[in-house]
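The values are calculated or read from the model by the stated rules, or taken from the named source; none is laboratory data. Quick caveat: nothing in here was measured; it's all calculated off a predicted structure. Neighbour counts are summed over all protein chains in view; Cβ atoms, including those assigned to glycine, are modelled from backbone coordinates with ideal geometry. Surface areas here come from the heavy atoms of the whole protein model, side chains and all, with no ligands, DNA or RNA. Shrake-Rupley method; radii C 1.70, N 1.55, O 1.52, S 1.80 Å.
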Amino acid sequence: MIAAPLVSVDKLKIHFPTKRRGRTVKAVDGVTFDIEPSTTLSIIGESGSGKSTLGRALVCLTRPTEGTVLHDGTDPFRLGRSALRRHRRDYQLIFQDPHAALDPRMTILESVREPLDIVGEIPKADRNAQAHGLLERVGIAPALHERYPHQLSGGQKQRVNIARALTTRPKVLVCDEVVAALDVSVQAGILNLFADIQRDFGLTYVFITHDLAVAAHISDEIAVMYLGQFVEKGLAEAVQETPLHPYTRALLSAEPEPLPSAMRENNRIVLKGEVPSPITPPAACRFHTRCPRAQARCSKDAPDFRQLRPGRWVACHFAEEMLEEAGEKAQAGPAERAGQRQACE
Amino acid sequence: MRLYPHLALVKDVPMTNPARPPLLEVKNVCASLGGADVLRNVNFSVAAGERLGIVGESGCGKTVMGLSILGLASSAFHLRGEIVFEGRNLLDLPAKAMRHVRGREISMIFQEPMVTLDPVFTIGEQICETLRTHFKLARKEAREQAIDALAQVGIPAPAERVDDYPHQLSGGMRQRAMIAIALACKPKLIIADEPTTALDVTVQAQITNLLVELSEKHGTALLFITHDLGVVAETCDRLITMYAGQVVENAGIDDFLARPLHPYSSGLLRSLPRMSKRKTALPSIPGRVPTVAEMPAGCRFEPRCSLAQAPCKAEQSLLPAGEARKVACCRYDELMLPGVLN
Ligand SMILES: Nc1ncnc2c1ncn2[C@@H]1O[C@H](COP(=O)(O)OP(=O)(O)OP(=O)(O)O)[C@@H](O)[C@H]1O
Ligand SMILES: Nc1ncnc2c1ncn2[C@@H]1O[C@H](COP(=O)(O)OP(=O)(O)OP(=O)(O)O)[C@@H](O)[C@H]1O
Ligand code: SF4
Ligand SMILES: [Mg+2]
Ligand SMILES: [Mg+2]
């Protein structure tokens, strides 16, 4: 038996009105994909490409303009108010901006305990104990528990947010840039915590991140977004090793490497041209105005987002060609490529 | 002194010319909160055109340090020591003179754009406000410069976006708007507190290139607080590592990455996620930073350091370790700590 996807997104569009009549920001503009239970999907991509908006829609904090987001086969927006409220407990989001997410009038402990207080199923002493336990796991010392958000550093606030989201142990947790504000050692601890919780309780994660190393480390699958659409999606290693969309290639090549200057490869693909506005995205292939590989047809027809290999989706006219080239390269010099990898280790 | 043979691979880092006078000198700065030191004897300097990175444990005092330079740290902190900028001690500067320095000579890009951007004014109004505080500009001119500044940081359709309110922008665009405000007055020193944390890598590269270009062309000095060691490697000349309110290492960036001298620095480098170890537990430094009440009298990292020995129980201060390098660890010359290459 094939389990139903936990989250199923179909032709999702989310548009925002602008001041000028008739013009809308096409934040998410036609995205279709499924998320399997107990897996981790990372969404990477251009700033402003609609990742956070999509993330909010996944946990029904934003209503689709068109299309649907189904949870276990049902549309949460068809639920009654109280059913929707209960449903939301299972679908949580950790916001990109930790400061905006915490109530400034609540102490840290109160903030973390609040979701349990609302549910109100267990005695207060137990709720306190749970909150204490989670704060300890994210490395927030007891001495900070009675403080208010403004008395904490950026990374401390972010960890409080993480603890808060984990209290009710949701089914799906969307994490919007949650580790970016943490130093790499604390980040490692938090990523390990996420992995432990997934192993123990079968959580499903959607990680929105700009850190490609983090995405590669934690996720089963990676999706790449550009101007409101997915341009590539596949298994994490596959996308990382053989990106098949020119935008993904540019993105991967721009990753700053923590290596001494003499050892850094200087093969960055610099994208030319201005970032187009999501109010008036380019016609046909949305990437054609900046694409190093673009040909005449790219400004005439939109490439389909199609499955090249099982689980491997790409929207570029030349994806098959790139796949072939990549195959040849892999045969020509596996040793060479292994050498490059080792340099980073 | 070359302690590390494999570094023969690495080209020499241009060290700051010792003859070049520092633009900013932080001397023995302490920040205390109810009698306990959140910053303790912090020392470092930045010359014109130099780009200094600051990394360190979350909560170790990086933001408080940056805010102190601008006189913006919370009044809960009591500051001691000297922060000398072009011969003047900023800690003694009257409020009025400080306002002139702030934004005009030193500007800061803050960690949390939503805290600094005012939700009731448009992005354009906020840039114009900064410009008009420091320069005599007509409204129209200021608006044009604001649009220009937005274009410089890569915001698409800047003439349309200039009238947006902060909540209408994506996280990354808000951050770029903040950067535009900071750059608008062409300051001598930019303090950037995790300026690219919310940006994708291509926009990040654009912003860091812009900062590098500014420092090379106009001699703008940069104090770059970040957790992203890749960004530091590509942007900065030198780096200081902070732990629990102290500077524990000060080194050229290449030396640091190849051969860190402080166990905390080495621990940071080992925690980086790597392709080859996907889906395995990442090495993280066990334990957490001590709170002020738990602060050890000796080396502040000692309770978490796997290499600690008896002498570590004594207070450690930042001492020269070879040329143009400093470290606060009494065991540094006995240890061969792994960096990014091993
Ligand atoms: N207004 C305040 N009142 C009391 N304590 C504060 C206040 N602001 C910061 N702190 C504390 O001072 C310490 C240093 O904070 P700071 O914001 O400088 O850390 P940071 O190094 O910037 O961390 P991060 O990397 O997480 O941003 C932290 O332990 C924090 O909890
Ligand atoms: N409430 C809103 N009203 C109008 N426009 C909006 C609103 N929220 C988002 N947008 C716009 O939608 C687009 C996508 O924004 P979103 O925040 O989803 O991007 P993102 O991919 O998360 O970017 P980042 O990486 O910078 O956080 C942007 O152009 C943004 O300005
Ligand atoms: S379809 Fe054309 S423009 Fe679009 S990504 Fe592929 S090569 Fe570039
Ligand atoms: Mg976002
Ligand atoms: Mg900070």
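Pairs meeting the criteria (first residue in segment A:74-100 and farther than 25 Å from A:D34 by Cα and outside any loop (DSSP other than H, G, I, E, B), second residue aliphatic (A, V, I, L, M) and at pLDDT 85 or above, beta carbons under 8 Å, at least 6 apart or on different chains) are A:P98/A:V160. Annotation note: of A:G67, A:G48, the sole residue that is closer than 30 Å to A:P278 by Cβ and assigned to a loop (DSSP other than H, G, I, E, B) is A:G48. Look at A:T62 and say whether it is within 14 Å of chain B (Cβ to nearest Cβ) and assigned to a helix (DSSP H, G or I). It is false that A:T62 is within 14 Å of chain B (Cβ to nearest Cβ) and assigned to a helix (DSSP H, G or I). Taking segment B:260-299 as the search range and keeping residues that are at the interface with chain A (Cβ under 8 Å from one of its Cβ atoms) and of a type in the set (S, T, Y), which one is most open to solvent (accessible area, probe 1.4 Å)? Looking at residues that are at the interface with chain A (Cβ under 8 Å from one of its Cβ atoms) and of a type in the set (S, T, Y), I get B:S276.
Restricting attention to segment A:101-131, which residues are within 14 Å of chain B (Cβ to nearest Cβ) and open to solvent by 80 Å² or more (accessible area, probe 1.4 Å)? Residue satisfying the conditions is A:P104 alone.
I need the full set of residues from segment A:157-198 which are of a type in the set (S, T, Y) and open to solvent by 20 Å² or more (accessible area, probe 1.4 Å), in order please. Result: A:T168, single match. The residues listed here are B:T202, B:T197; of these, the one that is in a loop (DSSP other than H, G, I, E, B), within 12 Å of another protein chain (Cβ to nearest Cβ), polar (S, T, N, Q) and crowded, with 23+ Cβ neighbours inside 10 Å is B:T197. Applying the condition of being exposed (fewer than 15 other Cβ atoms within 10 Å of the Cβ) and among the aliphatic types (A, V, I, L, M) to segment A:62-99 and asking which residue is nearest to A:A223 (Cα to Cα) yields A:L84. Is it the case that segment B:306-313 has a residue that's surrounded by 15 or more Cβ atoms within 10 Å (Cβ to Cβ) and without any contact (Cβ under 8 Å) to a residue 60 or more places away in the chain? There is at least one residue in segment B:306-313 that is surrounded by 15 or more Cβ atoms within 10 Å (Cβ to Cβ) and without any contact (Cβ under 8 Å) to a residue 60 or more places away in the chain. Of all residue pairs spaced 6 or more apart or on separate chains, those with beta-carbon atoms under 6 Å, a first member in segment A:286-309 that is away from every other protein chain (no Cβ under 14 Å) and a second member that is more than 6 Å from ligand 3 (Cβ to nearest atom) and among the polar types (S, T, N, Q) are A:H288/A:S299.
Pull out all pairs, ordered by first then second residue, where Cβ-Cβ is under 7 Å, the residues are six or more apart or on different chains, the first lies in segment B:322-342 and is within 14 Å of chain A (Cβ to nearest Cβ), and the second is part of a loop (DSSP other than H, G, I, E, B) and of a type outside the set (D, E). Short answer, once both residue conditions are applied: B:G339/B:R259; B:G339/B:P260; B:V340/A:P258; B:V340/A:L259.
When you check A:A143 against the structure, is it of a type in the set (G, A, S), in a helix (DSSP H, G or I) and modelled with pLDDT of 90 or more, yes or no? So A:A143 does not fit the description; no. A:V178 meets the conditions (1) in contact with a Leu (Cβ under 9 Å, 6 or more places away or on another chain); (2) more than 8 Å from chain B (Cβ to nearest Cβ) in every case but one. The failed one is (1). Screening segment A:273-285 for residues that are among the aliphatic types (A, V, I, L, M) and away from every other protein chain (no Cβ under 14 Å) and picking the one that is surrounded by the most Cβ atoms within 10 Å (Cβ to Cβ) gives A:A284.
Looking at B:I147, B:I155, B:I179, can you tell me which residue is more than 16 Å from ligand 3 (Cβ to nearest atom), among the hydrophobic types (A, V, I, L, M, F, W, C), within 14 Å of another protein chain (Cβ to nearest Cβ) and not in a helix (DSSP H, G or I)? Result of the check over B:I147, B:I155, B:I179: B:I155. Looking across segment A:223-250, the residues that are among the charged types (D, E, K, R) and in contact (Cβ under 8 Å) with a residue 12 or more places away in the chain come down to A:E232, A:K233, A:E237, A:R249.
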